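K.L.:
Submitted below is the structure of interest, expressed as structure tokens.
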Amino acid sequence: MKSRLRLALALAVSVTALGWTAEAFAYPQYIAKGYTSCGSCHYSPTGGGLPNSYGHLAVSATFPDEMAFGGVERLRELLAKQDVTGRGADGAPELHFDAGLDSRLLLLTVPREMGASPSPVLIPMLVEVGGVMAYGAGFAYATITPQPSTGAPQNRSYRAVSREHWLQYKVSEAQALRAGRMVLPFGLRIADHSQPTREDFGFNKYDQRYALAWELAAEDFLVSAAVFAGSELTTVDEWGGAATFTYLLPSRLAIGASLLGSEAVASTRLAASVFARWRIWDSAYALAEVAGQQRSAKAGGARMVEAATLLRVGYFLMESLDAYGQLGGRTIADAYETTKLRYMLGLDWKALPWVELSPAYVFEEDVEGGPSHQALGQLHVFW
């Protein structure tokens with residue numbers, strides 16, 4: 001097993017380095033449709049969150065007209081998104097606003113009790129509503145969701161939290177400043193629970209930071225940089241900076257690099273990532289990332305060096321149906337027992353313009369926990 005783990009990790013790193021050094025709700029696989037920038041379809045320049053009016057139309061367009069049936073077109077008209085730009089047709093400032101929904105439900109088959117046979121369990125991964133408002137060069141964005149407490153499911157309580165809330169000022173058509181609670185610009189963003197380089201590096205769905213960010217979107221490159229001061233206003237648990245530079249070859253390729261440095265009360269952290277999104281040919285695509293980080297304790301000098309990698313290859317069988325295979329791995333220096341690999345085979349199907357079904361099969365090799373496998377399904381409703 002040890003040799004298989006090392007071989008698969010080496011394969012993923014090698015393919016990434018050789019093939020692409022020559023590049024949440026987020027869909028980086030839309031590189032296969034010619035989208036090289038996340039900000040094309042999302043209000044957030046770093047991707048994820050509510051889709052803007054263009055993003056909603058882009059997703060709706062994946063639902064073939066020939067598959068339309070009674071009521072769908074009327075629903076499309078009813079659920080059409082507003083164009084929130086802050087300016088009217090004549091370019092004068094104008095008040096615009098809109099609201100939306102992002103909901104993800106996960107279906108697993110797991111034993112409910114020790115020694116029991118597996119049975120289906122429906123888990124609400126995220127139920128979030130959000131709103132946007134714009135006037136001239138000013139823009140406001142906010143979301144709210146119930147966040148569960150930790151512990152056994154029967155003892156959990158919920159509290160309302162806002163994962164993201166920020167104000168933005170557009171300095172020009174290409175530049176913007178943002179301030180508030182947001183996702184930091186780091187690495188390749190796909191569903192966090194399926195990507196080791198995000199979940200193991202501390203970028204889970206509730207891990208946003210209060211930051212001041214600057215974004216520059218040119219024709220052939222993107223720059224996003226932020227200084228941050230913790231995940232809560234009342235407690236500065238970690239502070240530092242992060243930046244990502246992405247080179248764009250329109251409709252074909254996006255290759256980028258990220259750096260993050262931070263300091264907490266008891267430790268420091270330095271992380272880096274190299275990632276790529278590539279439209280190979282026709283509707284085939286590849287996503288890849290290699291990342292590493294070092295955490296150092298201020299007292300005693302202890303260090304933890306971690307590396308993670310991701311490789312995903314997919315093909316859009318139809319405009320609305322993406323089939324993919326994915327390999328991800330994580331290892332910690334001098335702690336081989338923590339090494340793990342995750343293999344995935346799955347589908348992302350836009351059953352309706354605002355409904356996505358995502359069945360997948362996951363096989364994991366964990367040195368400490370042993371091999372395991374899981375069939376799962378996800379229902380994603382977004383508007």
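K.L.:
Placing +1 on the Cβ of each Lys and Arg and -1 on the Cβ of each Asp and Glu in segment 276-353, which of 302, 317, 341 has its Cα farthest towards the positive end of the resulting dipole?
P.N.:
302
K.L.:
Would you pull out the residues with amide H under 5 Å of residue 139's amide H, same chain only if 5 or more places away, H placed 1.01 Å from N?
P.N.:
Placed amide hydrogens put 168 under 5 Å from residue 139.
K.L.:
Could you give each residue of segment 130-146 its phi-based ³J(HN,Hα) in whole Hz, using Karplus coefficients 6.51, -1.76, 1.60 with θ = phi - 60°, and x for Gly or Pro?
P.N.:
3J(HN,Hα) across segment 130-146, in whole Hz: x, x, 9, 8, 9, 8, x, 8, x, 8, 10, 9, 7, 10, 9, 8, x.
K.L.:
Each residue of segment 223-233 in turn: what ³J(HN,Hα) in whole Hz from Karplus with 6.51, -1.76, 1.60 and θ = phi - 60°, glycine and Pro shown as x?
P.N.:
10, 9, 9, 8, 10, 10, 9, x, 8, 10, 5
K.L.:
Moving on. In terms of modelled amide H atoms, which long-range or inter-chain residues lie less than 5 Å from the amide H of residue 184?
P.N.:
Residues meeting the amide H criterion: 209.
Any read-out appearing in this document is the output of simple, stated calculations on the displayed coordinates, not a laboratory observation. Bear in mind that the values here come from a model prediction, so they are computed numbers and not experimental data. Quick reminder, even Gly has a Cβ in these numbers, built from the backbone with ideal geometry, and neighbours come from all protein chains shown.
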